[in-house]
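Visitor: Structure in structure tokens, see below.
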Amino acid sequence: MSAKSERVSEVMQLGSIKEKIQESRNAVSGAELVVRALEDLGVDVVFGFPGGAVLPLYDALYHSRKIKHILTRHEQGAAHAADGYARSSGKVGVCIATSGPGATNLVTGIANAYMDSVPIVAITGQVAVNAIGRDSFQEADITGITMPITKHNFLIKDVKEIVPTLKKAFYIASTGRPGPVLIDLPKDITVKEAVYDPQVEVDIPGYRLPVFSGNGAISRVAEAVMQAERPVIYAGGGVLTSGGERELLAFAEKLNIPVTTTLMGKSCFPENHPLSLGMLGMHGTMYANYAVSQCDLLISIGVRFADRVTGDVSTFAEKARIVHIDIDPAEIGKNVAVDFPVIGDAKTVLAHLLELTQEKRNAQWLKTIEEWKTQYPLEYEDNGKLKPQYVVEQISELTGGRAFVTTEVGQHQMWAAQLYKTALPRTFISSGGLGTMGFGLPAAIGVQVANPDAVVIDIAGDGSLLMNIQELATAVQFELPINIALINNRYLGMVRQWQEIFHGGRYSQTDLSCQPDFVKLAESFGVEALRVERKEEVRPALKKAIESKKPVLIDFWVEREENVFPMVPPGGSIKKMLRGLGR
Amino acid sequence: MKNNKHTLSVLVENRPGVLTRVAGLFARRGYNIDSLAVGRTEDPAVSRMTIVVEGDDYVIEQVTKQLNKLVEVIDISNITQKEHVERELILIKVKAEPSVRGEIMQIVDIFRARVVDIGKDTLIIEATGDIGKINAIESSMKPFGIIEVVRTGKVAMLRGPKYGSE
Ligand SMILES: Cc1ncc(C[n+]2csc(CCOP(=O)(O)OP(=O)(O)O)c2C)c(N)n1
Ligand SMILES: [Mg+2]
């Protein structure tokens, strides 16, 4: 007996024959429900990799006209691509993997999105409901595994739960403080049938959006801002998430307050602006760190006082009263005691602050900051050889800071953060909280998918790039013209730098002299590639790559033992900042 | 800041995995659970957890805020300072040779506890009460030789008409 006729006979026994027959005619498979719900949630692209437990889902995707599937070559790549897609577009990124190893391969990507509060929805296949818990083939308890690295996760055990769960997942991922949500979908559930009801109402009793602090709190901040003589804005990823960059610019300009950003906040304020202090923290600019340590009011917006920013918390902004504006009440007071807590999204709060404040010059303070900028610029020794900093500077100048830059993790990431001067919001895409080597290339793929006409450049390190190099195949297959600027020092450079400074120069396991020939490697994927070893070749090579509208890798053989400065030793106070250049 | 015991009354969705989420959060963020009791409420879709946690004001604030972020946590109330009734149940298996049984029975009476099982040389005693009473009966049994103790952890309820209506 076929599944359908079996259903019908069951129904006849139950009575209300007509109604049930009608329902079974309208019923579709769970897999189809997933696809239709995704379509109605506005998803037009998913990143994924198939396998046994998601065969029905892939069959349904095969028929979808609205959803494009990007086949990455590793599930980690799918998660990072969804992440890059989400960060650059503000939309929810979606990735799909099969059960067991497919699901566990997503883990790093999910943790990465969690640490940086990025809205992604991960859909994993699972073994059939009655096989769960029996150590079945390709079974992994992915909801258990991802509990501490998701905003929430679901295991669906009833086909009727599919549509409501997807709706909940998108809502949870994208509202409040965003974050990844995982849906585990047993295979048998994807072949069972139910009627698609796009109107189905969902209720999440325990999920309430943070309550806005209200005008009293904001008025007190406004007062403090008007009184402050040496105010500084410390802006983070929350400004970008809320879309508050215009309000931030208007507020900073109206009151002449200098702005420093975190790695996550980079691009929320134009970095060629006279009020921009660049990044603060461990590898931040001297003037940003001085400004924070000397200010009398620190206006913190959408930040989390990460240890890479504060160093020794007890000396961080020690002369200042601290304002903390954040959408997540749990962030307020977590790492640093706060004088003016405000719960709310950055955009709304900044808009209120704009109304409640009057123009101000802060001339004396700005003069002091200007002096610091001239006295302590970002600098490196130009000895005529090819320096990594020079490559980043050239990328910045050539693109005018208007390209999307993704990074891997290491020294090259810090040089990119210091020297690539972003002009537009959401254009600097980097793994901040987790510090995931291998993030930049798949993230660039996601960024390019979301922004087909944009220039996208992965500023990469040689150690990191090898971790997800397989995604070059994805770029080629889907004709994504990403550029890879490989800062090739043949070292795990950042670790080597720490070994040089803190471990007596013992380079334990950080020498990558034995690496593949990246040019040949890229070419074997069908990616155009060239090596650059001299300064004067940098600009033309970059220009050609960007203009080619094809994926290109440039292998920059830079000075091997260059270090990132300035540097605040971990846990140290800003007073112990190392300037570099023997100073 | 001073370390104190706090009683949190937490309403959660009655679903598989909720306990793991709550317990995992405590473990991950390094908070110590003194006791945790859980059972469903008058609404079968909702369970109540009574969690006793030790910490200074900072820890308690963080625990509350982080718990609030769990999607399946519906409501949290720190009832330590509020008017409430609290109870814990204890079972004590104590050495009880015939010569000391009388003495044990007297103590059981004083605490309005009960003997719920009699073995050859042992008694099982059941008592309910607030934490002070439970601790007292446990320590008064110590001299006889305690073989085994099981405690439920504290459950608590606010006084007055209805939860959350204060
Ligand atoms: C997955 C992962 N493993 C290990 C590390 C530790 N780590 C941080 S930076 C770094 C070196 C990165 O080397 P490379 O990509 O060549 O960048 P460079 O510092 O040389 O610019 C390492 C190993 C990490 N961040 N991520
Ligand atoms: Mg390197």
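The values are calculated or read from the model by the stated rules, or taken from the named source; none is laboratory data. Bear in mind the structure is a predicted one, so any value in this text is a computation, not a measurement. When we count neighbours, we look across all protein chains shown, and the Cβ atoms used for this are built from the backbone with ideal geometry, even at glycine.
Visitor: Restricting to strands (runs of 3 or more DSSP E) lying wholly in region A:28-101: which have 2 or more residues that are surrounded by fewer than 23 Cβ atoms within 10 Å (Cβ to Cβ) and within 25 Å of the chain's Cα centre (by Cα)?
Guide: Answer list for region A:28-101: A:68-71.
Visitor: Tell me which residues, restricted to region A:151-171, are outside any helix (DSSP H, G or I), buried (at least 19 other Cβ atoms within 10 Å of the Cβ) and within 10 Å of another protein chain (Cβ to nearest Cβ).
Guide: Within region A:151-171, A:151, A:152, A:153, A:154, A:155 qualify.
Visitor: Let me ask something else about it. Among the residues of region A:322-336, how many are in a loop (DSSP other than H, G, I, E, B) and at the interface with another protein chain (Cβ under 8 Å from one of its Cβ atoms)?
Guide: At the first step, the residues of region A:322-336 found to be in a loop (DSSP other than H, G, I, E, B) are A:327-328, A:332-336.
From the residues that got through so far, the ones that are at the interface with another protein chain (Cβ under 8 Å from one of its Cβ atoms) too are A:328, A:333-334.
Residues in region A:322-336 being in a loop (DSSP other than H, G, I, E, B) and at the interface with another protein chain (Cβ under 8 Å from one of its Cβ atoms): 3 in total.
Visitor: Residues in region A:494-523 that are surrounded by fewer than 14 Cβ atoms within 10 Å (Cβ to Cβ) and away from ligand 2 (no atom under 16 Å from the Cβ): how many?
Guide: The qualifying residues number 7.
Visitor: Going by the structure shown, is residue A:536 within 14 Å of residue A:557 (Cα to Cα), part of a helix (DSSP H, G or I) and more than 16 Å from ligand 2 (Cβ to nearest atom)? Even if it seems obvious, please write down each step before you answer.
Guide: On the way: within 14 Å of residue A:557 (Cα to Cα): yes; part of a helix (DSSP H, G or I): yes; more than 16 Å from ligand 2 (Cβ to nearest atom): yes.
It is true that residue A:536 is within 14 Å of residue A:557 (Cα to Cα), part of a helix (DSSP H, G or I) and more than 16 Å from ligand 2 (Cβ to nearest atom).
Visitor: Filter region A:385-437 down to the residues that are free of Cβ contacts under 8 Å to residues at least 60 places away in the same chain, of a type in the set (D, E, K, R) and under 18 Å from residue A:546 (Cα atoms), then identify the one that is farthest from ligand 1 (Cβ to nearest atom).
Guide: So the residue we want is A:402.
Visitor: So, residue A:373, is that one away from ligand 1 (no atom under 16 Å from the Cβ), out of contact with any Ser or Thr (no Cβ under 7 Å at 6 or more places or on another chain) and closer than 16 Å to residue A:487 by Cβ or not? Give the steps one after another, and end with the answer.
Guide: Working: away from ligand 1 (no atom under 16 Å from the Cβ): yes; out of contact with any Ser or Thr (no Cβ under 7 Å at 6 or more places or on another chain): yes; closer than 16 Å to residue A:487 by Cβ: no.
For residue A:373, the condition - away from ligand 1 (no atom under 16 Å from the Cβ), out of contact with any Ser or Thr (no Cβ under 7 Å at 6 or more places or on another chain) and closer than 16 Å to residue A:487 by Cβ - is not met.
Visitor: While we're on this one: Give A:443, A:423, A:416 a once-over and let me know the one that is in the same structural domain as residue A:538 (by TED's automatic domain parsing), away from ligand 2 (no atom under 16 Å from the Cβ) and crowded, with 20+ Cβ neighbours inside 10 Å.
Guide: Residue meeting the stated conditions: A:443.
Visitor: What tally of residues in region B:87-124 results from selecting those that are closer than 20 Å to residue B:37 by Cβ and crowded, with 17+ Cβ neighbours inside 10 Å?
Guide: 5
Visitor: Now a separate question. Quick one: in region A:387-413, which of the residues that are within 13 Å of ligand 2 (Cβ to nearest atom) and not in a helix (DSSP H, G or I) is surrounded by the fewest Cβ atoms within 10 Å (Cβ to Cβ)?
Guide: A:409
Visitor: Tell me the strands (runs of 3 or more DSSP E) entirely within region A:211-320 that contain at least 2 residues that are over 22 Å from residue A:416 (Cα atoms).
Guide: Once the strands (runs of 3 or more DSSP E) in region A:211-320 are filtered for at least 2 residues that are over 22 Å from residue A:416 (Cα atoms), what remains is A:231-235, A:297-301.
Visitor: Any residue at all in region A:188-198 that is surrounded by fewer than 20 Cβ atoms within 10 Å (Cβ to Cβ), among the hydroxyl-bearing types (Ser, Thr, Tyr) and either within 13 Å of chain B (Cβ to nearest Cβ) or touching a helix residue (DSSP H, G or I) at 6+ places or on another chain (Cβ under 6 Å) (or both)?
Guide: Yes, because at least one residue in region A:188-198 is surrounded by fewer than 20 Cβ atoms within 10 Å (Cβ to Cβ), among the hydroxyl-bearing types (Ser, Thr, Tyr) and either within 13 Å of chain B (Cβ to nearest Cβ) or touching a helix residue (DSSP H, G or I) at 6+ places or on another chain (Cβ under 6 Å) (or both).
Visitor: Let me ask another. Check A:468, A:488 and return the single one that is within 16 Å of ligand 2 (Cβ to nearest atom) and within 24 Å of residue A:75 (Cβ to Cβ). Outline the logic, then answer.
Guide: Working: A:488 fails: within 24 Å of residue A:75 (Cβ to Cβ).
Answer to the check: A:468.
Visitor: Would you confirm, using the coordinates I've provided, whether residue A:460 is among the small types (Gly, Ala, Ser), near ligand 1 (Cβ under 9 Å from one of its atoms) and either closer than 17 Å to residue A:554 by Cβ or at pLDDT below 95 (or both)?
Guide: Answer is yes for this residue.
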